[in-house]
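Just below is one structure, and these are the notes that go with it.
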Amino acid sequence: MKIASLLPSATEIVYALGLDDDLVGVTFECDEPPAARREKAVVVGGRDTRDMAPGEIDAYVKEQLAAGGDLYTLRAGALAGLAPDLILTQDLCRVCALPSDHVSDALDHLGCRADVLSLDPYSLEEVLGTFLAVGARAGVLPRAEALVAGLRERLAAVAAAVAGRPRPRVVVVEWVEPPFTAGHWVPDLVTAAGGRPVAARPGARSVQTTWAELAAAAPEMVLVTPCGFALEGAAAQAAGVVAHFPGAQVWAIDGDALVVRPGPRLVDGVEAIAAMLHPDAVPAPPPGALTRVA
């Protein structure tokens, strides 16, 4: 079977299921593992925003969406030339990846017949379900079941370690300019780690808010996890957040690796957040996962 992944989290799922030899196409953002973007054909392109400030990125995204434009470019001819049997895409967020209807329309136009699976989880439980869905479509359901079982064991270990402890109030900031609440599965990560998410939208889309509204939730800890940024970029942005939350601890985390991509590493994120909330009960995370901002 030949598989094309049109979003980074799906690429991580494919590798976690041991299907890397079947993967033929990826996006320009598929950087985990690094070999994916280096060794596979890139069939989705887009603007490189690494040198843009959060406010500039927000303005660019809003401008494109208001004009009816796309943030990603499907190289449909290249994709059709790969003749994939299974294409992994999403309809969850137009800012995060190409919507599945764009893919289906392009394939119909080109006469390419492929099974298109849209991965659209809104909760941590649904994220785990996507692993099973990919495994089933790819014919390796037992591998997916073993992967999910192992991840559940790790989640259960965290739950046991933090059981009965006070749950700190946690605000998660998914974007800083302007501020956005934590939505989708992100509040579930805080709950699983032994915290209490506040000013959050579990199972719903993230929305723009204000610093006053976030501060009114009286968090004890603030976690800054901007989409598209690793720890260094998150920490730089978190430094500007401190003044909005006097008396609260402000932390930054590698959002792309541990929080915002709905892939297997979300459980690494739960373990890292648990170490932040309950450092005397949970092992410290690996270097580069998260840091406290003065």
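Hey, any hits in segment 276-284 for a residue that's within 24 Å of L147 (Cα to Cα), touching a residue at least 40 places away in the same chain (Cβ under 8 Å) and open to solvent by less than 40 Å² (accessible area, probe 1.4 Å)?
Yes, some residue in segment 276-284 is within 24 Å of L147 (Cα to Cα), touching a residue at least 40 places away in the same chain (Cβ under 8 Å) and open to solvent by less than 40 Å² (accessible area, probe 1.4 Å).
Taking the criterion of being hydrophobic (A, V, I, L, M, F, W, C) and at pLDDT below 85, would at least one residue in segment 121-141 satisfy it?
no
Is one or more of the residues making up segment 172-188 free of Cβ contacts under 8 Å to residues at least 24 places away in the same chain and not in a strand (DSSP E or B)?
yes
From (1) touching a helix residue (DSSP H, G or I) at 6+ places or on another chain (Cβ under 8 Å); (2) more than 30 Å from A200 (Cβ to Cβ); (3) modelled with pLDDT under 95, pick out the condition that doesn't hold for D105.
(1)
Quick one: which of A193, A217, A200 is open to solvent by 20 Å² or more (accessible area, probe 1.4 Å) and either in contact (Cβ under 8 Å) with a residue 12 or more places away in the chain or of a type in the set (K, R) (or both)?
Among A193, A217, A200, only A200 is open to solvent by 20 Å² or more (accessible area, probe 1.4 Å) and either in contact (Cβ under 8 Å) with a residue 12 or more places away in the chain or of a type in the set (K, R) (or both).
Just to be sure I understand, how many residues within segment 162-190 are charged (D, E, K, R), open to solvent by 40 Å² or more (accessible area, probe 1.4 Å) and closer than 24 Å to A239 by Cβ?
Residues flagged as charged (D, E, K, R), open to solvent by 40 Å² or more (accessible area, probe 1.4 Å) and closer than 24 Å to A239 by Cβ within segment 162-190 amount to 2.
Quick check: anything in segment 229-247 closer than 22 Å to W185 by Cα, in a loop (DSSP other than H, G, I, E, B) and either open to solvent by 40 Å² or more (accessible area, probe 1.4 Å) or acidic (D, E) (or both)?
Checked segment 229-247: at least one residue is closer than 22 Å to W185 by Cα, in a loop (DSSP other than H, G, I, E, B) and either open to solvent by 40 Å² or more (accessible area, probe 1.4 Å) or acidic (D, E) (or both).
Need the failing condition index for I273 against (1) crowded, with 19+ Cβ neighbours inside 10 Å; (2) β-branched (V, I, T); (3) more than 20 Å from L151 (Cα to Cα), just the number.
Of the numbered conditions (1) crowded, with 19+ Cβ neighbours inside 10 Å; (2) β-branched (V, I, T); (3) more than 20 Å from L151 (Cα to Cα), the odd one out for I273 is (3).
Return yes when P226 is touching a Phe, Trp or Tyr at 6+ places or on another chain (Cβ under 6 Å) and crowded, with 17+ Cβ neighbours inside 10 Å and no when it is not.
yes
Considering only segment 194-210, I want to know if a residue exists there that is assigned to a helix (DSSP H, G or I) and either touching a Lys or Arg at 6+ places or on another chain (Cβ under 9 Å) or not acidic (D, E) (or both).
So far as segment 194-210 goes, no, none of its residues is assigned to a helix (DSSP H, G or I) and either touching a Lys or Arg at 6+ places or on another chain (Cβ under 9 Å) or not acidic (D, E) (or both).
Against the condition open to solvent by 30 Å² or more (accessible area, probe 1.4 Å), hydroxyl-bearing (S, T, Y) and in contact with a helix residue (DSSP H, G or I) (Cβ under 8 Å, 6 or more places away or on another chain), how does S123 come out, does it pass?
Considered against the rule, which asks whether it is open to solvent by 30 Å² or more (accessible area, probe 1.4 Å), hydroxyl-bearing (S, T, Y) and in contact with a helix residue (DSSP H, G or I) (Cβ under 8 Å, 6 or more places away or on another chain), S123 comes out as no.
Here's a check for you: in segment 18-32, which residue that is open to solvent by less than 30 Å² (accessible area, probe 1.4 Å) and in a loop (DSSP other than H, G, I, E, B) is nearest to L7 (Cα to Cα)?
Here the residue is C30.
The values are calculated or read from the model by the stated rules, or taken from the named source; none is laboratory data. Because the structure is predicted, anything quoted here is derived from the model rather than measured. As a convention, Cβ positions derive from the backbone with ideal geometry for all residues, glycine included, and neighbour counts pool all protein chains shown. The accessibility values were calculated without ligands, DNA or RNA, using every heavy atom of the protein model including side chains. Shrake-Rupley method; radii C 1.70, N 1.55, O 1.52, S 1.80 Å.
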